[in-house]
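Asker: Take a look at this one; I'll ask things after.
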Amino acid sequence: KSGKFVTMTNNEIANLEKHCLKTQLDESGSEGSWFIITPRFKYRSEGEPVLMGDEIVLVSKQFNSFLHVSHPRFPDGRREINGSSSVHWNSFRALPFASYEPGEEDILKAGDIVRLYHKEMESLLINEQRNKE
């Protein structure tokens, strides 16, 4: 747990995809840290509970852009998370991360710990600390 907020900014552009907004981890967060979870497919409507395994889209309330995984990679193989107005390559799947608690249903609740799995890229959204040597 980094204690930081995923924050989209319009002050900088993304490193790999120049048409996208930069997204970074921020100590204090801002209005760019507010994301709305919406269903990827319209078989669920906004306001319905998000179920474990559902494909979701994270939309920035401030910039009306989607949290997006870049298609190009950095030389070391990593991809960039950024903000895009495109509907492509931007869905995630809510997967449980913490152990199951008896009595809890399959509904994602505030405070639940989840991993975000990007279906098209077949990868997880993670935060890695790199040694700065």
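The values are calculated or read from the model by the stated rules, or taken from the named source; none is laboratory data. Quick caveat: nothing in here was measured; it's all calculated off a predicted structure. All Cβ positions, glycine included, derive from the backbone under ideal geometry; neighbour counts span all protein chains shown. Note: areas computed on protein heavy atoms with side chains; ligands, DNA, RNA excluded. Shrake-Rupley method; radii C 1.70, N 1.55, O 1.52, S 1.80 Å.
Asker: So in the stretch 73-94, with the set limited to residues that are hydrophobic (A, V, I, L, M, F, W, C) and surrounded by fewer than 13 Cβ atoms within 10 Å (Cβ to Cβ), which one is farthest from the chain's Cα centre (by Cα)?
Answerer: Step one: of the stretch 73-94, the residues hydrophobic (A, V, I, L, M, F, W, C) are 74, 81, 87, 89, 92, 94.
Those still in the list that are surrounded by fewer than 13 Cβ atoms within 10 Å (Cβ to Cβ) too: 74, 87.
Details: 74: 19, 87: 14 Å.
The extreme case among them is 74.
Asker: Out of curiosity, is residue 70 under 12 Å from residue 23 (Cα atoms), modelled with pLDDT of 90 or more and more than 10 Å from the chain's Cα centre (by Cα)? Talk me through it step by step, then tell me what you get.
Answerer: On the way: under 12 Å from residue 23 (Cα atoms): yes; modelled with pLDDT of 90 or more: no; more than 10 Å from the chain's Cα centre (by Cα): yes.
No: the conditions fail for residue 70.
Asker: What's the number of the condition residue 88 fails, among (1) at negative phi; (2) assigned to a loop (DSSP other than H, G, I, E, B); (3) at pLDDT 70 or above?
Answerer: Result: residue 88 passes all but (3).
Asker: A follow-up question, please. What do you reckon, is residue 63 within 19 Å of residue 120 (Cβ to Cβ), in a loop (DSSP other than H, G, I, E, B) and either open to solvent by 50 Å² or more (accessible area, probe 1.4 Å) or in contact (Cβ under 8 Å) with a residue 24 or more places away in the chain (or both)?
Answerer: Here the answer is no, as residue 63 does not meet what is asked.
Asker: On to the next question. Take the stretch 1-11 and flag every residue that is open to solvent by 80 Å² or more (accessible area, probe 1.4 Å) and in a loop (DSSP other than H, G, I, E, B).
Answerer: Once the filter is applied, which keeps residues that are open to solvent by 80 Å² or more (accessible area, probe 1.4 Å) and in a loop (DSSP other than H, G, I, E, B), the stretch 1-11 yields 1, 4.
Asker: Which one is surrounded by the most Cβ atoms within 10 Å (Cβ to Cβ) among residues in the stretch 12-39 that are without any contact (Cβ under 8 Å) to a residue 40 or more places away in the chain, out of contact with any Asp or Glu (no Cβ under 7 Å at 6 or more places or on another chain) and within 26 Å of residue 73 (Cβ to Cβ)?
Answerer: 32
Asker: Let me ask something else. So, in the stretch 12-29, how many residues would count as being part of a loop (DSSP other than H, G, I, E, B), within 16 Å of the chain's Cα centre (by Cα) and modelled with pLDDT of 90 or more?
Answerer: Residues meeting the conditions: 2.
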